[in-house]
Amino acid sequence: MTQFGLYFNQSECIGCRSCQIACNDRNNLEAGTTLRTVRTFETGVYPEATMYHFAATCNHCEHPACVEACPTGATQKAEDDGTVFRDANRCIGCGACTFACPYGHPVLLPEGISGRCDGCRSFRDNGKNPVCVDACVMRALEWGDIDELRAKHPEGVSDLPILPSSTTTGPSLVVTPEEAALNEDYTPFTI
């Protein structure tokens, strides 16, 4: 089976949140609710302190914990491209998927159902990229077959100190890390 996923060039990300805003707009989300979230971290000690950003969304995992946890079968994995999606008609808003995901995705929406990234399936079905990819002003995001993305970016990793171990769910994520992001000592902060 083909498995689609995301590549993130962390060293190019400037933390502008264009990807996050485009996702919120496309999904008509209320302020404060995000399906793609850009987080900022600081590491090091003066005079060598620095910061870096991480743009996160659903990793469309090989073994998604959210799918296993869903009691109604609303959270599913597409057979054709391996992306994870939600059947809104079957979702009861119990939150099991949100608690199961080690990456903090999906989220419970104010209307009482789970919200999640589906890789902008309707856009992809019409030959377009997910909106986050095209919105990125630094072109730090790519979408495609995860094996092809890994081959194209052999320096990429799936594990960073800020993320849970990739052995848990097998995320379809490749990151070219910022050097600072490899530091085990980090602190999240809000800009």
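The values are calculated or read from the model by the stated rules, or taken from the named source; none is laboratory data. What you are looking at is a predicted structure, and each value in this text was computed from that prediction instead of being measured. Glycine also receives a Cβ, built like all others from the backbone with ideal geometry; neighbour counts cover every protein chain displayed. For the accessible areas, the whole protein counts, side chains as well, though only heavy atoms, and no ligand, DNA or RNA atoms are used. Shrake-Rupley method; radii C 1.70, N 1.55, O 1.52, S 1.80 Å.
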(message) I'd like the carbon and sulfur percentage of the solvent accessible area for segment 66-191, probe radius 1.4 Å, heavy atoms only, ligands and nucleic acids excluded.
(response) 50
(request) Assuming R0 = 22 Å, can you tell me the calculated FRET efficiency for the pair residue 16 and residue 190, based on Cβ-Cβ distance, to the nearest 0.05? (result) 0.90
(request) State the extension gain, in nm to one decimal, for the chain segment bounded by residue 139 and residue 167, taking 0.36 nm per residue of separation less the distance between their alpha-carbons. (result) 7.3 nm
(request) Report ³J(HN,Hα) in whole Hz for each residue of segment 134-143, in order, from the Karplus equation J = 6.51 cos²θ - 1.76 cosθ + 1.60 where θ = phi - 60°; Gly and Pro get x. (result) 6, 7, 5, 5, 9, 6, 8, 10, 9, 10
(request) Express in whole angstrom the spacing between the alpha-carbon centres of segment 46-107 and segment 120-191. (result) 14
(message) I'd like the FRET efficiency for residue 48 and residue 89, computed as 1/(1 + (r/R0)^6) with the beta carbon distance as r and R0 of 41 Å, rounded to 0.05.
(response) 0.15
(request) State in Å² the accessible area per residue of segment 135-190; use a 1.4 Å probe, count heavy atoms of protein chains only, and round to the nearest integer. (result) 54
(request) Using 0.36 nm per residue of separation minus the Cα-Cα distance, give me the extension gain between residue 179 and residue 157 in nm, one decimal. (result) 6.7 nm
(message) Can you compute the FRET efficiency between residue 121 and residue 62 using 1/(1 + (r/R0)^6), with r the Cβ-Cβ distance and R0 = 22 Å? Round to the nearest 0.05.
(response) 0.75
(message) Given the -39500 (n - 2.57) contribution per DSSP H run of 4+ residues, what per-residue ellipticity at 222 nm results for the chain, rounded to the nearest 500 deg cm²/dmol?
(response) -4000 deg cm²/dmol
